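Peer 1: Okay, handing you the structure first.
The values are calculated or read from the model by the stated rules, or taken from the named source; none is laboratory data. Note that the structure is a prediction, hence the values are computed from the model and not measured. Every residue, glycine as well, gets a Cβ built from its backbone with ideal geometry; the counts of neighbours run over all protein chains shown. Heads up: the accessible areas ignore ligands, DNA and RNA and are worked out on the full protein's heavy atoms, side chains in. Shrake-Rupley method; radii C 1.70, N 1.55, O 1.52, S 1.80 Å.
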Amino acid sequence: MEKVSSECSYPGCFFCVMKEANPNKRRASVLKFFRELPSQDGDDQVVPISALWNTAMAHPNDPEFIELGIFECMSALIWKGLKNRRWLSHDHNIYIPYYAAHIIGSYTMNMEEFAETAVHAGIIPPLVELLRGRLTWVEQRVAVRALGHLATYSSTFPAVASQGEILELSIQLAISSLEIVYSHFYQYVDRRLSYHRDLLTRGMGGVEMESRKAEEWASQLQCWSLQLINCFAFKPEFLSTICKPEFLAKLPGMWGGLVNENSPAGIGLLRTICHHKLGRGPVASCPGIIEALCNIARSSDDWQYMAIDCLLWLLQDPSTCHKIIDKAVPALVELAEISTLGDNKRLGDSIVNVLQECIQSQGTGRNSISSRTKEEIEELLNSRQRLKWEKSMPKEDLHIKQAAALVVKLEGNSLFSSGNISGAASKYSEALALCPMRSKKERVVLYSNRAQCHLLLQQPLAAIGDATRALCLYNPVNRHAKSLWRRAQAYDMLGLAKESLLDAILFINECSQSSDPDLSLRQNKVPDYAERLVKKQMRAAWLFREASIKHGGVHCEGDAGDIYGQETDGSEWETASESDIGDDGRDRMGDDDCEWKNDVESKASIR
């Protein structure tokens, strides 16, 4: 390549080429650079590659380098790294396969025509070699990212699918990715490869920063593997490979963690699987998966509707309905008050309609609905009928019913204050029977109060049900702070760390925006009780927890016994019913009329 600048000592310098003012000369020089780079063995080859990486990240839709052969160049560089270990270990060439695969992924992220060009350039075979783990998990991460983009487009999916092992490799990677990153990087701090450390932090952080980024990248490795599998799941012919019980059972637990909360992860793949009749049978037969879907359906995160869709599709399928109905109905009944969830309009009506169809089409024998399930559905249908009746009632009668409900609620508060928790719960139930269905604010309070009673009576499932009902009725949905906190505690009782963590975090967020003096954060300080629960659940729901248990913790030179994630202060955690005590010993999460006081007998006082 011709020297462009007399001031540069490197003939054919890429940066000088890019400064060329004449567009035709510049394009010819870039074309030549891409053709010649893979055959060169000089120093500092990584410098222009890293510049191309930055360009691809900043301008992924720019066609200039695509037209000039960047995909052929990147493909050749990956092959060179795989076949020529001497070259790979020279200078900083170890970075080049990672950058090359990342560049491919960035340019194929948005533009289908770019993806088609990439496939014609032969980039799939070298990416598959990286996916196999021929180098390290860092290269696997960018390879599965690029292949996932290619599989997204109808015109390039067949080329991806023609490499038969890609699906199996992706499934294994989704299952093992967290353990791979933990055991190959996170666990032994002093054995971390220097180029991994540089790529993770760009030289801007120490061990703590590396560890945080490693957790984020491990989550991305798993979630991008799931995204690639999801592309295959849209095609029925691949479902038999995907729907293996050992894989399906793990999907609800593949949630991305807090570091990758924008990915639908395992629940997104389950939704695609359940959309197909061929996928619903294996899902319905997989032990534990329906319970997990119910927990996700009750959750307050962005993917709640996906779990609800799964449950509704399984109920609408005659071949799977009888297998799941007894487990699914309690959760769906709790969720039936949801009006709108994101872009999903009238979701509660959809739930009611599906449950009504289940009652009308129930069979006999092994396909019949249990009496308990039938009662729950009929109670829900009766409440809908009650709402219709109330619409035709005179306003005066509704006001009388609402006043009567208030009187009974106050009686419940009095019983609660005197320590009669079960009596208070009964009064709140009586008030709910009186309270007009359209009086949503009042019903939110009653459900939330009853949830508190269930907590103190050590009835976490009932507490979760009532808190969920309150959250569904509240406007905006899933944002009633007191119910979030009570459900977080109930999940804690059941050992459901992830669910408890998400509710506790949402509770803190709602407190930060609340005008309620009992809820608003004082001097922007997170309440101690909430901070303690969040820390506890973050440890329990830690992305590397299983890998850490299996491999024995994190080790540092001279301190091989240190295990990150263990408690260090030796303190005992409170029970769920006690963990809402503030510094002054008073519970700040009572209903709108009273403030609970939690002493050794779990009694309450009226404010």
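Peer 1: Too long at a 28 Å Cα-Cα cut-off: which of Lys323/Lys409; Lys277/Lys440; Lys345/Lys391; Lys327/Lys498; Lys83/Lys244; Lys345/Lys374?
Peer 2: Going by Cα-Cα distance, Lys323/Lys409; Lys277/Lys440; Lys83/Lys244 fall outside the 28 Å limit.
Peer 1: Continuing with the same structure: With r defined as the distance between the Cβ atoms of Met57 and Ala433 and R0 fixed at 60 Å, what FRET efficiency is calculated, to the nearest 0.05?
Peer 2: 0.50
Peer 1: Right, here's the next one. Report the full-extension gain for the segment Arg386 to Ser240: residue separation times 0.36 nm, less the Cα-Cα distance, to one decimal in nm.
Peer 2: 48.0 nm
Peer 1: Here is a further query. Taking R0 as 60 Å, what FRET efficiency do you get between Asn24 and Val207 from their Cβ-Cβ distance, rounded to the nearest 0.05?
Peer 2: Rounded to the nearest 0.05, the efficiency is 0.75.
Peer 1: Also, I was wondering about something else. In what sequence, largest accessible area first, do His90, His59 appear using a 1.4 Å probe?
Peer 2: His59, His90
Peer 1: According to the square roots a ≥ b ≥ c of the eigenvalues of the Cα gyration tensor, what is the shape class of segment 227-347, taking rounded for a/c under 1.5, prolate for a/b larger than b/c otherwise, and oblate for the remainder?
Peer 2: oblate
Peer 1: Give me the net charge of Ile273's neighbourhood, meaning all other residues with Cβ under 12 Å from the Cβ of Ile273; Lys, Arg count +1, Asp, Glu -1.
Peer 2: Surrounding charge for Ile273 is +4.
Peer 1: May I pose another question? Which loop-located trypsin sites (Lys or Arg not before Pro) does segment 200-231 contain, where loop means any DSSP state but H, G, I, E or B and the Cβ has at most 15 other Cβ atoms within 10 Å?
Peer 2: Arg202
Peer 1: Can you tell me the relative contact order of segment 112-182? Whole percent, Cα pairs under 8 Å, sequence separation 6 or more.
Peer 2: RCO, segment 112-182: 31 percent.
Peer 1: Below 13 angstrom from the Cβ of Ala497, what's the summed charge of the other residues (Lys, Arg +1; Asp, Glu -1)?
Peer 2: Taking every other residue near Ala497 into account, the sum is +1.
Peer 1: I would also like to ask the following. How big is the convex hull of the Cα atoms of the chain, per residue, in Å³?
Peer 2: 197
Peer 1: Hey, another quick one. Need the full-extension length gain, Arg539 to Arg132, defined as separation in residues times 0.36 nm minus the C-alpha distance. One decimal, nm.
Peer 2: 143.4 nm
Peer 1: Mind jotting down a quarter of the surface of the convex hull over the alpha carbons of segment 387-427, in square nanometres, one decimal?
Peer 2: Convex hull of Cα atoms, orientation-averaged projection: 3.1 nm².
Peer 1: Related question: With N set to the residue count of segment 372-510, report its C-alpha Rg divided by 2.2 N^0.38 Å to two decimal places.
Peer 2: So segment 372-510 has a normalised radius of gyration of 1.08.
Peer 1: Let me have the relative contact order for segment 365-448, percent, based on Cα pairs under 8 Å that are six or more residues apart.
Peer 2: In percent, rounded to a whole number, it is 28.
Peer 1: With runs of 4+ DSSP H residues as the only contributors, calculate the mean residue ellipticity of the chain at 222 nm using -39,500 (n - 2.57) per run, divided by the residue total and rounded to the nearest 500.
Peer 2: -19500 deg cm²/dmol, from helical runs alone.
Peer 1: Okay, next question. For the pair Glu261 and His90, what calculated FRET efficiency results from E = 1/(1 + (r/R0)^6), where r is the Cβ-Cβ distance and R0 = 41 Å, to the nearest 0.05?
Peer 2: Computed FRET efficiency for His90 and Glu261 comes out at 0.55.
Peer 1: Moving to a separate point now. Put +1 on the Cβ of each Lys and Arg and -1 on the Cβ of each Asp and Glu in the chain; which of Met204, Leu406, Ala146 then has its Cα farthest toward the positive end of the dipole?
Peer 2: About the Cα centre, the residue reaching furthest to the positive side is Ala146.
Peer 1: A follow-up question, please. For the chain, which whole percent of the accessible surface, found with a 1.4 angstrom probe, sits on carbon and sulfur atoms?
Peer 2: 50
Peer 1: Related question: Local charge sum around Ile290 (other residues, Cβ-Cβ under 12 Å, Lys/Arg +1, Asp/Glu -1)?
Peer 2: Residues close to Ile290 contribute a combined charge of +1.
Peer 1: Evaluated at 25 °C with a viscosity of 0.890 mPa s, what Stokes-Einstein diffusion coefficient in µm²/s does segment 55-207 have when Rh comes from the Kirkwood expression over alpha-carbon pairs?
Peer 2: It diffuses with D of about 153 µm²/s by this estimate.
Peer 1: Suppose all protein chains stay in the model; what accessible area per residue would a 1.4 Å probe give for the chain, in Å²?
Peer 2: For the chain, the per-residue accessible area is 45 Å².
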